[in-house]
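> This is the structure I want to talk about, given as structure tokens.
The values are calculated or read from the model by the stated rules, or taken from the named source; none is laboratory data. Please read these numbers as outputs of a predicted model, since none were measured by experiment. Quick reminder, even Gly has a Cβ in these numbers, built from the backbone with ideal geometry, and neighbours come from all protein chains shown. The accessibility values were calculated without ligands, DNA or RNA, using every heavy atom of the protein model including side chains. Shrake-Rupley method; radii C 1.70, N 1.55, O 1.52, S 1.80 Å.
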Amino acid sequence: MALMHSEMFANFVYDQTLTYNELLEREAELVETMQTTFEDVGGAHVEFAPTGDALNVQCLFAEHDEGLFHAVCDAVSPMLRGDVEGRILFVDRNLGTLHLYLLADGVWREGVLRVPGAREGLGRCWT
């Protein structure tokens with residue numbers, strides 16, 4: 001297996017106004033479209049885990065690259081109309097950075113946490 005440098009965790013929450021059948025239809029649409037989207041940008045081992053009122057996704061990427069993350073968000077955000085919102089976290093295999101993306105209503109916003117080394121982090125207070 002190729003060395004994967006980034007792992008993605010995503011959580012998509014359905015609006016409470018969706019009926020059971022509407023939720024199932026939306027979920028099927030999201031799974032089909034996201035499977036293709038993640039694979040098209042180099043994702044591997046895409047795994048979907050429905051939880052009833054949310055959909056969790058896990059995926060691996062060869063690179064931990066902010067441009068790739070933006071491409072994922074650009075592709076996924078139009079899928080999230082008023083009835084679904086999402087959060088995507090990309091974790092660097094070396095735990096150097098965490099990239100968190102919030103997505104809703106066709107737009108997304110980014111937050112990046114640079115994780116200090118153990119000695120550096122122990123020497124100061126950080127949250």
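> Need one number for the stretch 70-127: average projected area of the convex hull over its C-alpha atoms, nm².
With every direction weighted equally, the projected area is 4.6 nm².
> What is the helix-to-structure angle for 20-40, meaning the angle in degrees between its Cα long axis and the longest Cα principal axis of the chain, kept from 0 to 90 and rounded to the nearest 10?
50 degrees
> Quick one: helix 66-76 against the long Cα principal axis of the chain, what's the angle to the nearest 10°, folded into 0 to 90?
Approximately 10 degrees, to the nearest ten.
> Separate question: Would you work out which of Leu55, Val72, Leu113 lies farthest towards the positive end of the dipole of the stretch 6-123, given +1 charges on the beta-carbon of Lys and Arg and -1 on that of Asp and Glu, about the Cα centre?
So the residue furthest toward the plus end is Leu113.
> Local charge sum around Ala104 (other residues, Cβ-Cβ under 15 Å, Lys/Arg +1, Asp/Glu -1)?
Working: positive: Arg26, Arg81, Arg87, Arg109; negative: Asp15, Asp74, Asp83, Glu85, Asp105, Glu110.
Counting the neighbours of Ala104, the net charge comes to -2.
> Carbon and sulfur: what percent of the chain's accessible surface (1.4 Å probe)?
53 percent
> Which value at 222 nm does the chain reach when only helices count, each DSSP H run of 4 or more adding -39,500 (n - 2.57), with the total divided by all residues and rounded to the nearest 500 deg cm²/dmol?
Roughly -9000 deg cm²/dmol at 222 nm, from the helical runs in the chain.
> What would the Debye equation give as log₁₀ I(q)/I(0) for the stretch 6-123 at q = 0.15, 0.20 Å⁻¹, counting only Cα atoms as equal point scatterers?
-0.65, -1.06
> Size of the dipole of the stretch 6-123 about the Cα centre, Lys and Arg at +1 and Asp and Glu at -1 on the beta carbon, nothing else charged, in debye to 20?
So the dipole magnitude of the stretch 6-123 works out to roughly 520 debye.
> With an 8 Å Cα cut-off and a minimum separation of 6 or more residues, compute the relative contact order for the chain in percent.
29 percent
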